[in-house]
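*Asks:* My structure is below; once you've seen it, I'll send some questions.
Values in this text are rule-based calculations from the coordinates and carry no lab data. Being a predicted model, the structure only gives us computed values, none of them experimental. As a convention, Cβ positions derive from the backbone with ideal geometry for all residues, glycine included, and neighbour counts pool all protein chains shown.
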Amino acid sequence: MDNIISKSKTETLVVFSIDICKRLIDDYVDFYNKYNWGNPDILKEAIKYCEETEFTKIDREKVKDLIHKVEKVTPDTEDFENIEVSYALNSACAVLDLLEFIIKQDKIYVSNISSYVIDTIDFKIQETESSLTNEELENHPKIVEERKRQITFLEINDA
């Protein structure tokens, strides 16, 4: 993935990252509903800002404010004992990395975002199929499908 990400245009990577953040937000909402902790509206506000802002007209102070807000509602795995906290953490971290990416334009943030969704899928598979080896997990149809989805997204949108 890193090789494809490194060759992709910044604008494509913003859209790619937004897509993943939107797909992960439901996990944060589920966590919020179960534990009554956090605030999914803040994550949604950050995603919407990134979606609606022309990439060349970023309000750095607004983004820094959003980063601060998202950090406040990012759960800590030390504070919750259920697996849902990991899903919510990945969702919040993806949004944080999206915000960091639009300020710094360092593609490592996009690689992280790509990993958050794959890690979340991996965690969910392990919940139901705990006996899988690392190799079996890497080749699990859901993981393979997500990797293909990401590669196809970048290839089509970066053409």
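*Asks:* Over the range 2-157, what is the relative contact order in whole percent, taking alpha-carbon pairs under 8 Å and six or more residues apart?
*Replies:* Reported as a whole number, the value is 30 percent.
*Asks:* Tell me, L13, L66 in order of fewest to most beta-carbon neighbours within 10 Å?
*Replies:* If I rank by nearby Cβ atoms, fewest first, I get L66, L13.
*Asks:* Pairs K62/K148; K22/K64; K9/K62; K34/K148; K48/K72; K7/K142: which are spaced more than 30 Å apart, C-alpha to C-alpha?
*Replies:* In this structure, K62/K148; K34/K148 exceed 30 Å between Cα atoms.
*Asks:* Evaluate E = 1/(1 + (r/R0)^6) for D41 and T77, where r is the Cβ-Cβ distance and R0 equals 35 Å; express this FRET efficiency to the nearest 0.05.
*Replies:* That gives a FRET efficiency of 0.95.
*Asks:* Output needed for the chain: three equivalent-ellipsoid semi-axes, defined as square roots of 5 times the C-alpha gyration tensor eigenvalues, in descending order, whole Å.
*Replies:* Ellipsoid semi-axes (Å, largest first): 25, 22, 11.
*Asks:* As a footprinting exposure proxy, order S131, S6, S115 by other Cβ within 10 Å, with the fewest listed first.
*Replies:* Ascending Cβ contact count within 10 Å gives the list S131, S6, S115.
*Asks:* Something else now. So what is the relative contact order of the range 66-159, in percent, for Cα pairs below 8 Å that sit 6 or more residues apart?
*Replies:* 20 percent
*Asks:* Now for a separate question. What does the charge dipole of the range 2-157 about its Cα centre add up to, to the nearest 20 debye, if the Cβ of each Lys and Arg holds +1 and the Cβ of each Asp and Glu holds -1?
*Replies:* 680 debye
*Asks:* Once label points are set 7 Å from the Cα along Cα→Cβ at both D158 and I103, what is their separation, rounded to one decimal in nm?
*Replies:* So the label points at D158 and I103 sit 2.5 nm apart.
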